[in-house]
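Input: a single structure, listed below in C-alpha cells.
The values are calculated or read from the model by the stated rules, or taken from the named source; none is laboratory data. In this text, all values refer to a predicted model and were calculated from it rather than measured experimentally. Counting neighbours? That spans all protein chains shown, and the Cβs are built from the backbone with ideal geometry, glycine included.
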Amino acid sequence: MVKILEHKHAQDWANLALAILLFISPWVLGFSTERNPSVNAWISAIAIGALALGAIGAFREWEEWVSLLAGIWVAASPWILGFVAITFATWVHVVLGLLVAAAAAWEIWEVRHQPHAAA
C-alpha cells in the first residue's frame, strides 16, 4: 500500500480533504438553510472530491485542469450566485476555492516541469 501511495501527488489528497471540508461546511458554519451557498458547496465538493479520487487512482492532467476551474468557480460563486452577504458561506467558498485552485495549479506546474513525477 505504501508503495502505491508514494507515486501519488499530495495535492490530490489535499483537494480530497478540501472537498470534504467544503461538503460539511454548510452544517458546521450554519448556512445549510441557505439554498444557493449550501447546494453549491455540496455539488462543488462532490465534483472536486471525485476529481481528486480519480487523480489518486490514475493521474490524468485534464483532471487537474478541471480541478483548477472548479476551484475558481467555488471562489467566484458567492458573486455569481448572489450570496456574498452570507459571510461564512462567502469566506468558506473563497478560501477553499482558492486552495483547490492553488493545489491543482501547483500539480500542473509540477508535472509539466518534472515529467518523471507523473509516473
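For beta carbons closer than 8 Å, sequence separation of 6+ or different chains, a first residue in region 23-44 that is in contact (Cβ under 8 Å) with a residue 24 or more places away in the chain and aromatic (F, W, Y) and a second that is surrounded by 17 or more Cβ atoms within 10 Å (Cβ to Cβ) and in a helix (DSSP H, G or I), the qualifying pairs are F23/A41; F23/A45; F23/G49; F31/S25; F31/P37; F31/S38; F31/A89. Residues being touching a Leu at 6+ places or on another chain (Cβ under 8 Å) and polar (S, T, N, Q) are represented in region 62-76 by at least one member. Residues in region 102-110: is at least one over 17 Å from N15 (Cβ atoms) and modelled with pLDDT under 95? No, because not a single residue in region 102-110 is over 17 Å from N15 (Cβ atoms) and modelled with pLDDT under 95.
Just to check your reading of the model, which residue among V84, V74, V66, V95 is within 18 Å of A19 (Cβ to Cβ) and in contact with a Ser or Thr (Cβ under 9 Å, 6 or more places away or on another chain)? The conditions single out V74.
Looking only at residues in region 33-76 that are among the β-branched types (V, I, T) and over 12 Å from the mean Cα position of the chain (by Cα), the one that is farthest from T87 (Cα to Cα) is I56.
The conditions are (1) of a type in the set (G, A, S); (2) at pLDDT below 95; (3) more than 12 Å from the chain's Cα centre (by Cα), and S25 fails exactly one of them. Which is it? Result: S25 fails condition (2) only.
Residue-by-condition table, conditions (1) in contact with a helix residue (DSSP H, G or I) (Cβ under 9 Å, 6 or more places away or on another chain); (2) crowded, with 16+ Cβ neighbours inside 10 Å:
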position	(1), (2)
F31	yes, yes
A41	yes, yes
I48	yes, yes
R60	yes, no
L69	yes, no
G82	yes, no
A101	yes, yes
W109	no, no
R112	yes, no
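Contact annotation: residue pairs with Cβ atoms under 6 Å, 6 or more positions apart or on different chains, pairing a residue in region 62-87 that is more than 15 Å from Q11 (Cβ to Cβ) with a partner that is charged (D, E, K, R) and surrounded by 14 or more Cβ atoms within 10 Å (Cβ to Cβ), are I86/E34.
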